[in-house]
Amino acid sequence: MSAEPGPRTVLVTTTVAAEDTAAELARTLVGERLAACVHVSAPITSTYVWQAKLETAREWVLQCKTTEARLAALMTRLRALHPYQVPEIVAVSATATDPDYLAWVTENTAPPSPPP
């Protein structure tokens, strides 16, 4: 592992209310090269306050792996696609990443080259 003075891996977490929504978001973000990988976790129970009311809901967690260079684009796209009025979009920059994994994330999130 290397402490990263250069490009960093970023983990972006969000939640959604339906498994099919989670799967579609994962496919879209990876397909558009905004995330190299998206893990969709089994349902969780979330407890929160929304519009002054205590709520409990079943949600699916998405953990998106991207780079700092692609973070803004990923967050913008996720906000546009997300079904929630105020989606959870939390980004955490890694302090260390295996160099081979970082290279893979960087390669798989690079914007596509324009046609010649």
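For segment 78-115, the candidate set comprises residues that are acidic (Asp, Glu) and over 23 Å from VAL49 (Cβ atoms); within that set, the residue that is nearest to the chain's Cα centre (by Cα) is GLU107. Can we say LEU34 is of a type in the set (A, V, I, L, M), surrounded by 13 or more Cβ atoms within 10 Å (Cβ to Cβ), within 15 Å of the chain's Cα centre (by Cα) and closer than 18 Å to ALA110 by Cα? So LEU34 passes the test.
Within segment 22-31, the set of residues being surrounded by 16 or more Cβ atoms within 10 Å (Cβ to Cβ) and more than 13 Å from ARG77 (Cα to Cα) comprises ALA22 only. The strands (runs of 3 or more DSSP E) found entirely in segment 34-104 that carry 2 or more residues being farther than 11 Å from THR13 by Cα are 44-50, 53-67. May I ask you to list the residues in segment 57-85 that are surrounded by fewer than 14 Cβ atoms within 10 Å (Cβ to Cβ) and without any contact (Cβ under 8 Å) to a residue 40 or more places away in the chain? If the condition is that a residue be surrounded by fewer than 14 Cβ atoms within 10 Å (Cβ to Cβ) and without any contact (Cβ under 8 Å) to a residue 40 or more places away in the chain, then ALA72, THR76, ARG79, ALA80, GLN85 are the ones that fit. Across segment 37-56, the number of residues qualifying as over 19 Å from the mean Cα position of the chain (by Cα) and loosely packed, with under 10 Cβ neighbours inside 10 Å comes to 8.
Where a number appears in this text, it was derived from the coordinates with a stated rule and is not lab data. These figures come from a predicted structure and were not determined experimentally. Cβ sites come from the backbone with ideal geometry, for glycine too, and all protein chains shown count toward neighbours.
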